[in-house]
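To start, the structure itself, in structure tokens.
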Amino acid sequence: MIFYPDGWELAVDNPGFGELIVIADEEISPRLINGEWRAELYGAAIGTFLAQVTNRALGLDDSEHSGTPLPRFLTAEVARDVLPALQRAVLLATAGTDRFEKVFPDAGEPPTRPICARCNIGSPYTSEVAVSEWCAQYGHRAFGASGSRWEHAQEMYQLDLDRWNRAEARRREDEALAAALEPAAIDLAAARRARRGN
């Protein structure tokens, strides 16, 4: 996935692997950037870069975070513009797609199944799940769900899915009704001729 805040390209090629490529290019936004600036960030460097940009956006001293040297064009204003997309890219790069989609669900999409925070059971992006010893002994713990019971998370998912399905059915019915009630297009020339008796 690639995020495109003004003048930037934030590329996450392998979600969950702790890799982030940051590119700023004057071809993308010549008013902000002079030349091209690029950083390939891995692991802790991602967190340090996020802290640097956040501090710059807030006007704080970022000298305590001695990571990737920030480019001169990264003013507080530019940092504030790029920060929301950078936060999302960092989450995707470090937590992976399944957790990213739990934290930032797409509007209008059905709810997603619970995934275990420990062993990833329920993740649509994991082909094989090895149940951890913890899960085998104590049970699964749903990521991003209130309560610790796996069964409760499953029940809440089913309730949310049923609610979403009902809302979608109502939306489709409303669209069909609205389409049926729209007045037919009137041929103005034919109506004028009919009024004149021709």
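The values are calculated or read from the model by the stated rules, or taken from the named source; none is laboratory data. None of these values were measured; they are calculated from a predicted model. As a convention, Cβ positions derive from the backbone with ideal geometry for all residues, glycine included, and neighbour counts pool all protein chains shown. Calculation scope for accessible area: heavy atoms of the full protein, side chains included, ligands and nucleic acids excluded. Shrake-Rupley method; radii C 1.70, N 1.55, O 1.52, S 1.80 Å.
On a 1.4 Å probe surface of the protein chains, which of T54, T112 comes out largest in accessible area, and what is the full order? Please report the intermediate quantities before stating the final value.
Working: T54 40, T112 65 Å².
Putting T54, T112 in descending order of accessible area: T112, T54.
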Problem set entry | Point-to-point label distance, A51-Y4, nm (Cα→Cβ direction, 7 Å offset) | 3.3
Exercise. What accessible surface, in Å², does a 1.4 Å probe find on D6, ignoring ligands, DNA and RNA and rounding to the nearest 10?
Worked result: 70
For this session: Please calculate the 1.4 Å probe accessible area of L159, with all protein chains present, and give it to the nearest 10 Å².
Result: 90
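Quick one: if the Förster radius is 25 Å, what FRET efficiency do R171 and V103 give, using the C-beta to C-beta distance and rounding to 0.05? Can you show the working numbers first?
Values: r = 25 Å, r/R0 = 1.01.
Using R0 = 25 Å, I get an efficiency of 0.50.
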For this session: Starting from the Cα of R113, step 7 Å along the direction of its Cβ; do the same at F17; then give the gap between the two resulting points in nm.
Result: 2.5
Problem set entry | Rounded to the nearest 10 Å², the accessible area of W37 at probe 1.4 Å | 40
Exercise. Of the heavy-atom accessible surface of region 72-115 (probe 1.4 angstrom), what whole percent is carbon and sulfur?
Worked result: 50
